[in-house]
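Single-structure report; data block below.
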Amino acid sequence: MDLNDRPLPYKIRPCPISEVIVELRFETIAPADAVFGMLYEEFKDDFPDLERQPVLQVPELLREADPNLRYLPEYKLNARDRVLMVGRHAVALASTGVYPGWSVFSTVAREMISRVEGVGLVKHVTRFGLRYINSFKLDILRHSSLSIRCSDIDLTTKSSQIQLTAQISAA
């Protein structure tokens, strides 16, 4: 049987997913400093624990001008098994703890996006992101057909962190 003919597994045990995050970046109709208040009012009952983030110590003009700071969350709203991160131009939802599976997480993510849209502050979405972070206790590269080399150095024998990014454009 060819590898391409094998069905994909529905679940992997133990589950390697340590975090999943969906992020919505946007330009706002409302004043940027009103975004948090509007979203807090919508989500405060679902996310009762509020944390101010260190980026708030950076002057607003610098946060707005620097693309590395512009989309950072200024506040984290925590619930038992998820976190809502809110900034002036972005909102993100992260699942913490045991990954609930795509059907559960996608339902919660769609609801969050719908509620953000319902608040009426989004002028237009500039980016939608979905990020999975997997952690394996074993050397996963030794158990795969992936090979990574740089010159004559086999990077699969080193401790590795691999980031893959896919850019999808609407036609």
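The values are calculated or read from the model by the stated rules, or taken from the named source; none is laboratory data. Note that the structure is a prediction, hence the values are computed from the model and not measured. Neighbour counts are summed over all protein chains in view; Cβ atoms, including those assigned to glycine, are modelled from backbone coordinates with ideal geometry. For the accessible areas, the whole protein counts, side chains as well, though only heavy atoms, and no ligand, DNA or RNA atoms are used. Shrake-Rupley method; radii C 1.70, N 1.55, O 1.52, S 1.80 Å.
Tell me which residues, restricted to the range 96-145, are under 16 Å from Val86 (Cα atoms) and polar (S, T, N, Q).
Scanning the range 96-145 gives Ser114, Thr126.
Scan the range 102-131 residue by residue and report those that are surrounded by 14 or more Cβ atoms within 10 Å (Cβ to Cβ) and not in a helix (DSSP H, G or I).
Leu121, Val122
Of the conditions (1) over 15 Å from Glu19 (Cβ atoms); (2) in contact with a helix residue (DSSP H, G or I) (Cβ under 9 Å, 6 or more places away or on another chain), Arg110 clears all except one; give me its number.
All conditions pass for Arg110, except number (2).
What number of residues within the range 75-101 are part of a loop (DSSP other than H, G, I, E, B) and either touching a Gly at 6+ places or on another chain (Cβ under 9 Å) or surrounded by 13 or more Cβ atoms within 10 Å (Cβ to Cβ) (or both)?
Taking the range 75-101 and keeping what is part of a loop (DSSP other than H, G, I, E, B), we get 79-81, 87-89, 96-101.
Narrowing further to those that are either touching a Gly at 6+ places or on another chain (Cβ under 9 Å) or surrounded by 13 or more Cβ atoms within 10 Å (Cβ to Cβ) (or both): 79-81, 87-89, 96, 99-101.
Number of matching residues: 10.
Which members of the range 136-153 meet the condition of being assigned to a loop (DSSP other than H, G, I, E, B) and surrounded by 10 or more Cβ atoms within 10 Å (Cβ to Cβ)?
Kept after step one, since they are assigned to a loop (DSSP other than H, G, I, E, B), are these residues of the range 136-153: 136-139, 144-148, 151-152.
Hits for the range 136-153 are Phe136, Asp139, Leu146, Ile148.
Scan the range 5-17 and tell me whether some residue there is hydroxyl-bearing (Ser, Thr, Tyr), surrounded by 14 or more Cβ atoms within 10 Å (Cβ to Cβ) and either closer than 22 Å to Leu130 by Cα or at pLDDT 95 or above (or both). Steps first, answer last, please.
Within the range 5-17, the subset hydroxyl-bearing (Ser, Thr, Tyr) is 10.
Add one more test, that the residue is surrounded by 14 or more Cβ atoms within 10 Å (Cβ to Cβ), and what stays is none.
Looking through the range 5-17, none of the residues is hydroxyl-bearing (Ser, Thr, Tyr), surrounded by 14 or more Cβ atoms within 10 Å (Cβ to Cβ) and either closer than 22 Å to Leu130 by Cα or at pLDDT 95 or above (or both).
On the basis of being within 17 Å of Leu77 (Cβ to Cβ), part of a strand (DSSP E or B), open to solvent by less than 100 Å² (accessible area, probe 1.4 Å) and at pLDDT 80 or above, does Leu24 make the cut?
Judged against the criteria, Leu24 is a match.
Count, please, the residues in the range 55-69 that happen to be open to solvent by 50 Å² or more (accessible area, probe 1.4 Å) and among the basic types (Lys, Arg).
0
Name the pairs: first residue in the range 40-60 and under 23 Å from Glu117 (Cα atoms), second residue charged (D, E, K, R) and loosely packed, with under 14 Cβ neighbours inside 10 Å, Cβ to Cβ under 9 Å, at least 6 apart or on different chains?
Within 9 Å, the pairs are Leu50/Lys44.
Could we say that Pro73 is out of contact with any strand residue (DSSP E or B) (no Cβ under 7 Å at 6 or more places or on another chain) and either at pLDDT below 95 or not charged (D, E, K, R) (or both) here?
Criteria not met by Pro73.
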